[in-house]
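First the structure, in the form of structure tokens, and then the observations on it.
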Amino acid sequence: MTPAERTPAVDAMLANRLRNAQPALWTNPARQAQPPAALQAQGQSISLDDTQAAADRLARFADLLAQVFPELAATGGVVESPLLPASALQPALGLAEGQGRLFIKADHSLPVAGSIKARGGMHEVLEFAERLALEHGLVQPGGDYRALATPAAREVLGRYQVAVGSTGNLGMSIGVVASALGFQATVHMSADAKEWKKDRLRQRGVQVVEHTGDYERAVAAGRAEAASNPMCHFVDDEQSFSLLLGYSAAALHLQNQLVEQGVAVDAEHPLIVYLPCGVGGAPAGIAFGLRQLLGPHVFCFFAEPVQSPCFMVQMLADTTPGMGDHPSVYDWGLTNRTEADGLAVPRASLLAADLMQPLLSGVFTVADDTLFAQLVLVLDALGECIEPSAAAGFSGPAMLTGTTAGQAWLRSTGIDAVLHNATHLVWTTGGLLVPDAQYQGFVQRGRAALAAQG
């Protein structure tokens with residue numbers, strides 16, 4: 001019997017919509033308003049101190065990053081994205097007057113990798129490089145990390161390989177940063193990864209290994225190959241604390257941006273955050289950082305394609321007796337096929353799911369046509385260019401305010417009484433490096449979807 005057939009304790013309407021690949025909203029009964037300062041996930045304890053350590057590591061490398069990536073010269077090696085007011089987009093998203101303000105955290109414009117994966121991916125590569133640099137005496141603690149750009153340092157780092165399995169954006173991040181530091185870089189990519197991403201990696205000197213099958217198979221193949229090479233560091237999107245903590249460092253910068261925009265976060269001014277989700281590492285890292293830093297009045301929702309709701313499936317299993325330990329979307333009769341390639345993941349990260357049990361507010365799903373339609377709405381209202389997976393979060397406000405499940409959640413949390421003071425924050429995840437021809441195809445499909453909606 002599959003998990004999809006063992007759903008007596010799951011809301012029947014939710015289970016039916018999930019099985020039939022229809023947009024759905026699940027809200028988390030296990031969320032804690034005030035979680036402990038240190039959380040346990042997969043046998044390891046992490047806290048806000050670890051998030052700060054990740055931010056400090058990125059700061060130590062800033063001068064080196066500014067040297068090896070010309071696009072970071074203007075920011076002094078800081079990789080960050082703007083917080084964009086988006087009131088012009090609210091009517092198109094069904095966010096009525098008196099239902100709060102809309103902002104976009106524009107990780108689609110992150111330099112170097114062009115996506116949210118620049119955060120975690122860069123951090124893990126830098127952590128590995130730092131360990132090797134200290135072991136080999138290439139730098140001293142507190143020293144100038146620009147020493148790693150010298151030929152002697154690059155010769156040492158070049159003895160080592162950095163590998164990753166990816167559907168696209170994580171591979172872009174890992175491959176580009178590892179190659180720039182002199183590592184041998186290998187990206188194992190699934191069949192559904194976009195050709196332009198493979199081409200861009202090859203242009204950067206990264207070895208691309210293509211695998212038939214989905215994301216899960218690419219990761220497994222990469223993990224197995226790396227295990228046989230003692231000089232290889234495998235970046236494991238499903239199990240990496242380093243990746244997750246790199247993502248979490250974004251919360252520290254966002255806190256300052258919210259202050260600059262005059263946005264309060266408290267009982268009278270809730271912050272509701274909508275994050276696209278693939279395997280779960282990036283949104284879980286960000287949600288962890290936000291909840292630990294800003295407290296009980298931050299409400300995080302993950303957004304997934306209707307055919308690839310791996311995190312919703314996992315959270316259902318974690319909060320419902322008899323649902324199994326690590327289900328796949330295939331168990332629910334779903335295809336895992338979506339144009340949102342970075343979100344095409346059949347099984348969630350158990351690390352991310354463990355961490356999110358007390359922190360996450362919910363998960364919702366989005367149809368592919370909606371992703372393209374909202375991509376166009378963002379372009380027309382704000383002039384911002386995003387890729388389909390980055391549009392997943394824009395369904396969040398209407399999912400809360402315009403559905404029975406969402407309205408019930410607003411009432412149960414008391415947010416309905418202060419919704420007029422709420423801040424809705426949609427986190428976009430990629431788009432900067434999409435070739436123009438590819439992007440115009442997205443726009444064409446999005447306009448057709450909008451026309452079909454009437």
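Observations on the structure shown:
- Scanning the range 37-68 for residues that are without any contact (Cβ under 8 Å) to a residue 60 or more places away in the chain and either outside the structural domain of residue 369 (by TED's automatic domain parsing) or of a type outside the set (A, V, I, L, M, F, W, C) (or both) yields a count of 4.
- Scanning the range 130-170 for residues that are in contact with a helix residue (DSSP H, G or I) (Cβ under 9 Å, 6 or more places away or on another chain), farther than 22 Å from residue 209 by Cβ, assigned to a helix (DSSP H, G or I) and not hydroxyl-bearing (Ser, Thr, Tyr) returns 130, 132, 133, 146, 147, 148, 149, 153, 154, 156.
- For the range 215-231, the set of residues classified as assigned to a helix (DSSP H, G or I) and small (Gly, Ala, Ser) consists of 218, 220, 221, 222, 224, 226, 227, listed by residue number.
- In the range 257-273, the qualifying residues are those that are within 18 Å of residue 32 (Cα to Cα) and touching a residue at least 60 places away in the same chain (Cβ under 8 Å), and the one that is farthest from the chain's Cα centre (by Cα) is 267.
For every residue, the table says whether it meets (1) closer than 24 Å to residue 32 by Cα; (2) touching a helix residue (DSSP H, G or I) at 6+ places or on another chain (Cβ under 7 Å); (3) of a type in the set (Ser, Thr, Tyr); (4) not in a helix (DSSP H, G or I).
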| residue | (1), (2), (3), (4) |
| --- | --- |
| 213 | no, no, no, yes |
| 242 | no, yes, yes, no |
| 246 | yes, yes, no, no |
| 251 | yes, yes, no, no |
| 278 | yes, yes, no, yes |
| 283 | yes, no, no, no |
| 287 | yes, yes, no, no |
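Here is a yes/no grid of residues against (1) closer than 18 Å to residue 173 by Cα; (2) under 21 Å from the mean Cα position of the chain (by Cα):
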residue: 58; (1), (2): yes, yes
residue: 63; (1), (2): no, no
residue: 72; (1), (2): yes, no
residue: 79; (1), (2): yes, yes
residue: 89; (1), (2): no, no
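- Residue within the range 402-416 that is assigned by TED's automatic domain parsing to the domain that holds residue 278 and at positive phi present: yes
- Selection of the range 126-180 for residues being acidic (Asp, Glu) and buried (at least 19 other Cβ atoms within 10 Å of the Cβ) yields only 127.
- Residue that is nearest to the chain's Cα centre (by Cα) [pool: residues in the range 211-220 that are buried (at least 17 other Cβ atoms within 10 Å of the Cβ) and within 13 Å of residue 187 (Cα to Cα)]: 215
- For residue 248, the test of being within 23 Å of residue 40 (Cβ to Cβ) and small (Gly, Ala, Ser) is passed.
- Residue in the range 340-359 that is in contact with a helix residue (DSSP H, G or I) (Cβ under 9 Å, 6 or more places away or on another chain), over 27 Å from residue 52 (Cα atoms), in the same structural domain as residue 90 (by TED's automatic domain parsing) and of a type in the set (Lys, Arg) present: yes
- Residue selected from the range 332-349 under the condition in contact with a Cys (Cβ under 7 Å, 6 or more places away or on another chain) and of a type outside the set (D, E, K, R), by the criterion surrounded by the most Cβ atoms within 10 Å (Cβ to Cβ): 348
- Any hit, the range 300-308, residues being without any contact (Cβ under 8 Å) to a residue 60 or more places away in the chain and either in a helix (DSSP H, G or I) or surrounded by 24 or more Cβ atoms within 10 Å (Cβ to Cβ) (or both): yes
- Those residues of the range 111-127 which are under 16 Å from the mean Cα position of the chain (by Cα) and assigned to a helix (DSSP H, G or I), in sequence order: 117, 118, 119, 120, 121, 122, 123, 124
- Residue 185 vs. criteria of a type in the set (Gly, Ala, Ser), touching a Gly at 6+ places or on another chain (Cβ under 8 Å) and at pLDDT 85 or above: yes
- Looking across the range 162-191, the residues that are closer than 21 Å to residue 281 by Cβ, out of contact with any Ser or Thr (no Cβ under 6 Å at 6 or more places or on another chain) and touching a residue at least 60 places away in the same chain (Cβ under 8 Å) come down to 162, 164, 165, 166, 168, 170, 172, 173, 174, 176, 177.
- Candidates in the range 289-328 are the residues that are under 14 Å from the mean Cα position of the chain (by Cα) and among the hydrophobic types (A, V, I, L, M, F, W, C); of these, the one that is nearest to residue 36 (Cα to Cα) is 290.
- Residue 434 meets each of the listed conditions (1) more than 30 Å from residue 316 (Cβ to Cβ); (2) surrounded by 19 or more Cβ atoms within 10 Å (Cβ to Cβ); (3) in contact with a Leu (Cβ under 7 Å, 6 or more places away or on another chain) apart from (3).
- Selection status of residue 234, in a strand (DSSP E or B) and at pLDDT 95 or above: no
The values are calculated or read from the model by the stated rules, or taken from the named source; none is laboratory data. This one's a predicted model, so the numbers in the text were calculated from it and none came from an experiment. Note: ideal-geometry Cβ built from the backbone for every residue, glycine included; neighbour counts use all protein chains shown.
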